[in-house]
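Colleague: The structure under discussion is supplied below as structure tokens; questions concerning it will follow.
Every number here is computed from the coordinates shown, using simple stated rules; none is lab data. Note that the structure is a prediction, hence the values are computed from the model and not measured. Every residue, glycine as well, gets a Cβ built from its backbone with ideal geometry; the counts of neighbours run over all protein chains shown.
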Amino acid sequence: MLERTLAMIKPDAVAKGAVGPIITMMEEGGLKVVALKMTRLTHAQAEAFYLVHRERPFYKDLCNFMSSGPIVALVLEGENAIKRYRELMGATDSRKAVPGTIRHKCGTDNEKNAVHGSDAPETATVEICFHFSDAELRALAG
């Protein structure tokens, strides 16, 4: 099934200069980049994006981290893109990620884990719309 998912390259990976290698891994993993932008989340935007985690003990640190530097937001497309990208990302804790995954290669730990990816089709739709305007998404369709 052809799907789209949101991917974010987090501030730690951007700071390390790992954007190019990460995108290469995405493409070599069979995913097509159909939208891409570099931006910096405000603290309020990070809080809104991760609102689902607001009751979790890591929420404040996550929002501080995600607003600490530039991120790269991407829309990836491919067969079973959500599942495929989550496999490419690896375990949330980079120290436990399978060798060859993005988080194993580019992450550091549970927080500084290089990338984010949508976990379900519904989440992907919401997350894509969070980062890309209607006009940008219409341009993708053309």
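Colleague: Could you work out [θ]222 nm for the chain from helices alone, using -39500 (n - 2.57) per DSSP H run of at least four and dividing by all its residues? Round to the nearest 500 deg cm²/dmol. Spell out each step's value before the answer.
Modeller: Details: 8 runs with 63 residues, N = 142.
That comes out to -12000 deg cm²/dmol.
Colleague: So what is the relative contact order for the chain, in percent, with contacts set as C-alpha pairs under 8 Å and at least six apart?
Modeller: Relative contact order, the chain: 35 percent.
Colleague: At a threshold of 8 angstrom on Cα-Cα distance, excluding pairs fewer than six apart, so keeping six or more, what relative contact order does the range 1-72 reach in percent?
Modeller: Over the range 1-72, the number comes to 48 percent.
Colleague: Taking N as the number of residues in the chain, what is its alpha-carbon radius of gyration divided by 2.2 N^0.38 Å?
Modeller: 0.98
Colleague: If you don't mind, another one. Evaluate the distance, in nm, between pseudo-label points positioned 7 Å from the Cα of GLU77 and of PHE65 along their respective Cα→Cβ axes.
Modeller: If labels sit at GLU77 and PHE65, their model points lie 3.2 nm apart.
Colleague: Just the Cα atoms of the range 71-142, one point each, no solvent: what log10 I(q)/I(0) does Debye give at q = 0.25 Å⁻¹?
Modeller: Values, matching the q order: -1.12.
Colleague: Share of Cα-Cα pairs in the range 5-75 beyond 20 Å, in percent?
Modeller: Of all Cα-Cα distances in the range 5-75, 34 percent exceed 20 Å.
Colleague: How many nm is it between the label spots at GLU122 and ARG138, if each spot is 7 Å from the Cα in line with the beta carbon?
Modeller: Modelled inter-label distance: 2.8 nm.
Colleague: Test of understanding: what is the full-extension gain from LEU36 to ASN110, defined as 0.36 nm times their sequence separation minus their Cα-Cα distance?
Modeller: Full extension of this stretch gives 24.2 nm more.
Colleague: Using modelled amide H (1.01 Å from N, peptide plane; none on Pro or chain starts), what sits under 5 Å from the amide H of LEU36, excluding residues fewer than 5 places away?
Modeller: For LEU36, the qualifying residues are VAL75.
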